[in-house]
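Some notes on the structure that comes next.
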Amino acid sequence: MKNEKLSLDKNGRFEISLKVNGKPLSMEVKPSESLLEALRKYGYKGTKKGCDTGDCGSCAILMDGSSRVSCVMPAFLAHGSEITTIEGLGTVQNPHAIQAAFVEAGAVQCGFCIPGMIVSAKHLLDRNKTPGEGEIKHHLDGNLCRCTGYVKQIEAVKLAAKKLRKSSK
Amino acid sequence: MPEAKTKEFKVVNKRVEKIDSLGLACGEPMFTGDVDIKGVLYAKLLWSPHAHARIKNIDVSQALKIKGVRAALTYKDVPRVPHTTAGQGYPEPSPYDTYILDNKVRFVGDRVAAVAAETIEAAEEAVKAVKVDYEILPAVLDQLEAMKPGAPVIHDEKDSKNIPDAKRNIAAKFDFEVKNGEWFADADHVVEKTYRIPYFQHCAIEPHTTICYFDHQNRLIIRTSTQVPFHVRRIVAQALNLSVKDIRVIKPRIGGGFGSKQEVLEDVVAALALKTKSPVRLEYSRKEVFISSRTRHPAFMKLKTGVKKDGTITDMSMEIILNTGAYGSHALTVMMCSGSHTIPMYRVKNNIKFSGKSVYTNLPVAGAYRGYGATQAFFGLEAQMDLMAEKIGMDPVLFRKKNYIKLGEGSPVFKAMGEGREGVEQVITSIGLAEGMERGLKEIGWYEKKKRYAAENKNSHVKKGLGMACLMQGSGIPEVDMGSATIKMNEDGSFNLLIGATDLGTGSDTILAQIAAEVLEVPNTDVIVYSSDTDLTPFDVGAYASSTTFISGGAVKKTAEKVREMIIEVAAKILDEKKENLYLKDKQVFSKDGKRVTFQEVANTSLYYYNQHQIIASASHFARTSPPPFSAHFADIEVDTRTGEVKVVDYVSCVDCGTAINPTLAEGQNDGAVVNGLSHTLAEGIEFSPNGTPLNANFRRYKIFTSSDIEKVRTILIPTYEPNGPFGAKSVSEIGINGPLPALSNAIYDACGVRLCEAPFTPYRILMALKKKQE
Amino acid sequence: MFFINPGVTEVFVNNIKNVIFPETLKDAVSALKKKKSFFMSSSTFSFKSVPEGTENIVLAKKLPLRYVKKDPKNLLIGALTTFDDLENNPLCRSLFSGILSFSASRCSSQLIRNMATVGGNIAHPNAFNLLPVVLTALGASVKVALRTGSKTVPVRDFYSSKFKCGTEAIITEIQAPLSLAKDDFYFEKVSKIRSSWDSYITVAFRSRLRNGRLEDLKLAFGAITAFPYVNEALEKELLGAELTPALIKSVSAKYGEAVLAFHPASRINAYRAELAANLTAFYLKGLTEKV
């Protein structure tokens, strides 16, 4: 069986194929480039760089449905995968229920951690429609926030779960 | 009485949506680094590997040869202008001891050289290619050691200014005494204790980011993550020998600051931009934020207090020695606030003494950090209150109730100690501490749990305990902090509000719009806010000292009132009425006998039809007092005596911030401050090697609280009405961070008899203290 | 196999020329034959620590190694199973007192648990890897694919010089013997922050009582050094003996001393020694109360 292979082109780049927010995308990336850097380079500015060691979660994205930190992931690892960034969940014109919930609950202060936090919340609510407070805290524990103390963010996830349950009825 | 006033409000004291929340939640590119500028160069700094050294020789020739490198600056290439990086009003009460680049390095992480290149990789390579010959000097890493004779002199340069005693490494000092008799003569007990806190870092999730570029008229534009755009403009001009008119500073959305961005670090980026005549972008890495931006002032504090059996506090002596690191930014002011924001909390019968010093060491530079000295001092003061209560056998709650400052009372400290200079005489004009204490005691179940825990602790390795703390802060710096606003009216009856005030995620844009909207009788969504642009918005000192709601809010209110007058003037002509008979209500102007005209008509009349003019006004505000917010904190904790781990089961803070302009935002500020406090109390601290190298300058090893580290954290707003504040408001953002250190020290003592006076209270410290106690 | 310094800032990924996505184990092993090749799974750690000179990355992404299942003798966990998988898997929850699920839930943070793999956690010995101490208590074995075929090695030998495999080996599976599935397991991680990567100490204990005496026992201590610490002589003192308070105190103290001996001058290690003693005493006391 022939295995998929990426090789450097003449510019020293890999050409990777993936889907971002449902759209097929071809990215030229250096071997050392992280997925975070690649995404931001291609205009997905919502995903943030807070630390570069995978410890703050502001770079969180969904890869094949699972929330992960993108700063410690080489871009080439995303070849063949489906990536969802915060922009893929909703827009100001048409926000996702989770985004609306964060706004309503007063859970957005400086907003820098929020895209990653919402991505983590999406992952949780995709697999568990009725998360308890403990589960919410456990699932969001990779997203650091210094502004809110997490208090209203936990309320926001509860509210988002309620909104999603209502809309699915 | 306070309740009646808040019931009258239409927009103020309402939980309106924060205006930027939705954009942020949708990942809109709103932060400094979210723009792509054509031709931008990437800046990288070379940091010192030595704690103390002279640069004998520095050679950037190899760095300049690297492909893509466009500039490599050393101290030889930039003006040598002593200045302070502290974002404070001019003339800044901090030593002028900093240079853009210097021929001496004073801490591991100090600036050595700056490089700009077409790619980040070229910049990194260039930094490595800079050759430096250092003459390594002995270093001093402790503030007490640094004052001793024979200690290395960190600022031995001739041209620095305003250093009280450079030979002894003293960057700031202040002494104050009120003497009414012999010290401790009246006391039945004297309690003396030393309290220490280490280096804490703000850990704002967005690292410091600055982009400098030129507009079409070749003016330097600084787009930066800052709390102090006007101070940035002035200090960059000063450091680079430019004029203020040559520079424009724009603050986009910022990812948190907490004081770390109340500092002017943009000068070196501007220097690179000027040199290369290209846009230059500098983004600190997380490690660089930890080491080379700013931190809290580590403190060594000695408290000696006297108390009588009846609960009277007879004497209070506070000696505080802060470690200000290698440069003295905020050295004087943080030190003074540690006294001015804390000592007035309680009535002292006879003698008060404050003796403060900020001392240079060869360690990271301390600056402004939420709490600003009060965090350090309340640790000691509120622990000391419990110690004194125990000595006289009095309930610590009753002891505080007996002694805290009351409405109408003042303190000699208010006049003697401001922030960097003499303060102002003031009395307390609003205080909700009594209600806060009652509410907090009830919410946490204080008395019931005290009884229950005493019994439960007998048979468990998990010891439960309760602790409390009472706090105050300030609302802006009186007679120093100033803010201004401009409001103009549009055709449809909406308004543009231009403010210098800096929203760092606190929501100040939103609450200032609420204040304007309240005066102008419109929904807050009819007020369009633009803030923090030194070309377009009027002056404001910036976001610090808890001044935005109180001072900038005052300016907005005044401005809106002026605009109201202008609207009434036009409406009077339209309605053919006397101005005195007109009032604003619901986007219209009404006359007392029922005639009315819409804002739209007023605006169109003024812009287009008759006596054409733009309805626009500006006003400024500064305050003569700084009415403190008050807060009562209660902690319910568990100590696992097998491991020393502490679990905070419930933390209640009842905060009096006057009228909360936006209760949701006020609660959010307090929640964040409290959790930051819990985190530094239990888990934070920068560790250093013996040669001054930070060992845990990353989020891997310096980990802050996550969502799984909190159990119950509750903020309860206690409404009062501050007559000197806009619609009764005081400040709220800082006070919350001061409670956890003392509340937890008191709770841990209650739970297992171990009294911790050195932060952080790690499981290691607690277990070893338990072990010692057993022996 | 090689040690990785978590403080490493040198990034050697710049020399990478090829990335291969093998779909079978055979292809993966053969791809590693090529010089300067390196195997990477989720890269939570390995991205920044690729050995100098690496030119070929063999990515695990498509290999069918993500599963948790039983065979007659063992619980089988594929090397690409994530910590999140372990935490939520029904077999991991029900067998071995749920230690696999519980310990996985205490690994770092959710964003890492979603990515970090079982194989990655044991491939490079490091004090902050959580699984080795748990696998030691489980008496588990590690299956490795080599050029010459596959080999199954007990965990205790995996880190010793008894087993040399070089960088061409691929961890494929963990096998936990079901004969121990009903034993009593205990796991605890002591750290300043719940979701930290590292900890002061981790302990994974296993015991089986018969007539009030210990029939079998494994006390494994992690996070002290790169390898789990086990002391069979001290375990022997407890096997079959009456668990009196005096014996518990004495053996716990000896564990403390043993941990202290690793870094006698370090204050933090003195604390770890206390933890080792206290947690051992706590567990053993708990066993006596079960009788």
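All of the numbers you see were taken from the coordinates with simple rules; none came from a lab. Everything numeric here is computed off the predicted structure, so don't read it as measured data. Note: ideal-geometry Cβ built from the backbone for every residue, glycine included; neighbour counts use all protein chains shown.
Numbers below:
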| item | result |
| --- | --- |
| Ordering of C:275-283, B:466-474, B:529-537 by packing [mean C-beta count within 10 Å, highest first] | B:466-474, C:275-283, B:529-537 |
| Footprinting exposure proxy for A:Cys56, A:Cys110 (fewest neighbouring C-beta atoms within 10 Å first) | A:Cys110, A:Cys56 |
| Residue among B:Ala769, B:Asn724, B:Ser653 farthest towards the positive dipole end of the stretch B:635-775, charges placed on Cβ | B:Ala769 |
| Extension gain from B:Leu242 to B:Tyr583, taking 0.36 nm per residue of separation minus the Cα-Cα distance | 117.9 nm |
| The stretch A:90-113 and the stretch B:643-701: distance between their alpha carbon centers, rounded to Å | 24 |
| Alpha-carbon centroid distance for the pair the stretch B:495-521 / the stretch B:99-136, whole angstrom | 42 |
| Proximal charge balance of B:Arg168 [Cβ under 10 Å; K/R count +1, D/E count -1] | +3 |
| Helical segments meeting 24 Å axial Cα length and Kyte-Doolittle -0.5 threshold in chain B (DSSP H) | B:374-392, B:553-575, B:663-682 |
| Isotropically averaged projected area of chain B, using the convex hull of Cα atoms (one quarter of hull area), nm² | 34.9 |
| C-alpha long axis of helix C:245-262 to longest principal axis of chain C, angle in ° | 40 |
| Neighbour-count order for C:Thr288, B:Thr548, fewest beta carbons within 10 angstrom listed first | C:Thr288, B:Thr548 |
| Loop-resident sites, the stretch B:384-445, for trypsin sites (Lys or Arg not before Pro), counting at most 10 other Cβ within 10 Å (DSSP) | none |
| Net +/- balance of residues flanking A:Ala107 in space, Cβ distance below 9 Å, scoring K and R +1, D and E -1 | -1 |
| Shielding by partners, peptide B:667-674 (average Cβ within 10 angstrom, other chains) | 6 |
| Cut-off 11 Å between beta-carbons: net charge of the residues surrounding B:Asn611, Lys and Arg +1, Asp and Glu -1 | 0 |
| Listed residues C:Ala137, C:Ala241, C:Pro22: farthest to the positive end of the dipole of chain C (Cβ charges) | C:Pro22 |
| Student exercise, chain C dipole from Lys, Arg, Asp, Glu Cβ charges, in Debye to nearest 20 | 460 |
| The stretch B:322-393, dipole about Cα centre (Lys/Arg Cβ +1, Asp/Glu Cβ -1), debye to the nearest 20 | 220 |
| The protein assembly as shown, helix-only ellipticity at 222 nm - DSSP H runs n ≥ 4, -39,500 (n - 2.57), divided by all residues, nearest 500 | -8500 deg cm²/dmol |
| Dipole magnitude of the stretch C:68-180, debye to nearest 20 (Cβ charges: Lys/Arg +1, Asp/Glu -1, about Cα centre) | 260 |
| Neighbour-count ranking [beta-carbon atoms within 10 angstrom, fewest first] of B:Val16, B:Val649 | B:Val649, B:Val16 |
| Cα convex hull volume per residue for chain C (Å³) | 134 |
| Fully extended contour minus Cα-Cα distance, from B:Asp133 to B:Asp77, at 0.36 nm per residue | 18.4 nm |
| Partner chain coverage, peptide B:756-766 - average Cβ within 10 angstrom | 2 |
| Paramagnetic reach from C:Ser94 (point 7 Å along Cα→Cβ, amide N under 18 Å) across the stretch C:171-207 | C:176-185 |
| Cross-link pairs B:Lys463/C:Lys249; B:Lys261/B:Lys463; B:Lys18/B:Lys557; B:Lys302/B:Lys773; C:Lys143/C:Lys249 - those with Cα-Cα distance over 31 Å | B:Lys261/B:Lys463; C:Lys143/C:Lys249 |
| Alpha-carbon centroid distance for the pair the stretch B:301-380 / the stretch B:382-453, whole angstrom | 17 |
| Average partner coverage of B:638-646, which counts Cβ from other chains inside 10 Å | 4 |
| Selection from A:Ser32, A:Thr53, A:Thr85 lying farthest towards where the dipole of the stretch A:14-88 points positive, charges on Cβ | A:Thr85 |
| Global form of the stretch C:13-59, assessed from the alpha-carbon gyration tensor, a/c cut-off 1.5 | oblate |
| Distance violations [Cα-Cα > 26 Å] among B:Lys309/B:Lys730; B:Lys14/B:Lys730; B:Lys44/B:Lys131 | B:Lys309/B:Lys730 |
| Convex hull per residue volume in Å³, alpha carbons only, for the stretch C:68-180 | 98 |
